[in-house]
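Here the structure comes first, spelled out in structure tokens, and everything after it is commentary.
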Amino acid sequence: MQQLEKIDLESVIHNSPIIVFLWRANNKWPVEFVSDSITQFGYNPDDFTSGRYVYGDIIHPEDLESVRRKLSRYVESGYKQFIQEYRICTRTGDIRWVTERTFIIQNDTGEVTHYQGIIVDITERKETEKALQESEKKFRLLFNNTNDAIFICDLDGCFVEVNQSACEHLGYCRDELLQMNISDIHPPDTKSDLDKIKELKEKKHSIFETTHVHKSGRVVPIELSVQCIDYQGEPAFIAVTRNIAKRKEAEITREKEIHHRVKNNLQVISSLLNLEAGNFENDDLIEAFKNSQNRVRSMALAHEKLYQSKDLKTINFAEYVKNLVTQLFQSYLVDVESINLNFDMAELYLNMDTAIPLGIVVNELVSNSLKHAFSENEKGEIFIRFYQDEDETYKLVICDNGKGIPENLDIRKTDSLGLQLVNALIEQVDGIIEINSGQGTKFIIIF
């Protein structure tokens, strides 16, 4: 039975790809035993046991001194075993990487006599590692030399890697950023963030414009591309950001130029209407031209206000209406001592799609008051109020204390072009209009 076990063990040793050895602790390590698996390097066991080769003969010349030095250090430090990696030369001259696991054998007096252990060919692993290192080197080269800021974050938004451009983009050093979360540079807009997170989960990527906050507190406009990735075996996402400040500045300049030209063109149209009205003597025609001129002027004023605004998207509606109504008083040569104008308007901002239609509505209703609400030399008052309710709906109130409109007048079914225009424009902003005609006339526009 013992003989059978011995045969089986020898069979395992000699047929395994792992090389088993026993070296003497002499110069270049003469071999007393090496398994048949040494043939994978082109040698036979007899090449070594006969003395034609010692193990040191097949260690790569550039690694031999390092192997010898490490072995001495392990022995001097009292190690019983050690592991090291180095290269060997095959019989055909090829270079192979091996890992050696060695047990240090001592005699009764403590003198080291032999080294016993195993050698495993790890060339494929080394080549894979080298390929990965080369890939990592190329990745790092691209990662750190791109002009775009790149952040790799875990699912909690903590930075796990950033490139040099990210540091320059935000004014932090790499170590600082790796202690931070994306919320530190991108204060959350809850609704917007929820939409982007939903898109990211569904599509695994998302591209949108947002802002980052520089270390100095400066807000930086960016274009952000986010994609889900696997990073070192863990789910993460990579965010590539591009500073679009110059692009935004160019867009603002272009938008300003457009609004400036539109305003100038509308003013030219207004002037042409005024000149054309001078060619007629019919009061109705002159009045029609004047009404059209005021409508055009209200649109020109909106573009002028937008040109002056910071974001080029919204205007201060209260300021716009005050300027608009003041121009109307001048157009109709109103005696400000006869008609008192009062405002109670909240400082609220509206976009152009809402502000221009409502501006024309204000123009029509105030014009009607100036033309029809008061008798000649009669003193009166026009009051304009604008505010936002708790339910976030806007209310625009235009009223006068004049004679009021006829009780049987339905402004939704009128022949008046101005009132027809009012109805159409209020519908355009998804609003409704209510009328009270008790003392004077009150229009309440809700949108």
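The values are calculated or read from the model by the stated rules, or taken from the named source; none is laboratory data. Since this is a predicted model, take the numbers as computed values, not measurements. Methodologically, a virtual Cβ is constructed for each residue, glycine included, from the backbone with ideal geometry; neighbour enumeration extends over all protein chains shown. Quick note on the areas: whole protein, heavy atoms, side chains included, nothing else; ligands and nucleic acids left out. Shrake-Rupley method; radii C 1.70, N 1.55, O 1.52, S 1.80 Å.
Run the simple label-point estimate for C228 and N323 please: 7 Å along Cα→C-beta, distance reported in nm.
4.9 nm
Counting just the Cα atoms, what span does the chain cover along each of its three principal axes? Round to the nearest Å and put the largest first.
That works out to 133, 46, 35 Å along the principal axes.
Count the DSSP beta bridges whose two residues both fall in the chain, then state the antiparallel fraction as a percent rounded to the nearest 5.
Working: 78 of 85 bridges.
Once the DSSP bridges in the chain are tallied, antiparallel ones form about 90 percent.
Accessible area of the chain with a 1.4 Å probe: how many percent of it is carbon plus sulfur? Write down the numbers at each step before the final one.
Working: 13060 of 26460 Å².
Of all accessible area on the chain, carbon and sulfur atoms account for 49 percent.
Express in whole angstrom the spacing between the alpha-carbon centres of segment 18-83 and segment 334-356.
Between the Cα centre of segment 18-83 and that of segment 334-356, the gap is 97 Å.
Counting only residues 5 or more places away or on other chains, whose amide H sits under 5 Å from the amide H of T211 once H atoms are built in the peptide plane?
I222
With θ taken as phi - 60° and the coefficients 6.51, -1.76 and 1.60, list the Karplus ³J(HN,Hα) couplings across segment 229-234 in order, rounded to whole Hz; mark glycine and proline as x.
Whole-Hz 3J(HN,Hα) from phi for segment 229-234: 9, 9, 10, 6, x, 10.
Per residue and in cubic angstrom, what volume does the convex hull of the Cα atoms of segment 305-447 have?
Per-residue hull volume (Cα only) is 118 Å³.
Under the rule of at least 5 residues apart or a separate chain, name every residue whose amide H is placed under 5 Å from the amide H of L348.
F317, A318
Treating only the Cβ atoms of Lys and Arg (+1) and Asp and Glu (-1) as charged, compute the dipole magnitude of the chain about its Cα centre; round to the nearest 20 debye.
It comes to approximately 1200 debye.
With the other protein chains left in place, how much accessible area per residue, in square angstrom, belongs to the chain at a 1.4 angstrom probe?
Dividing the accessible area of the chain by its residue count gives 59 Å².
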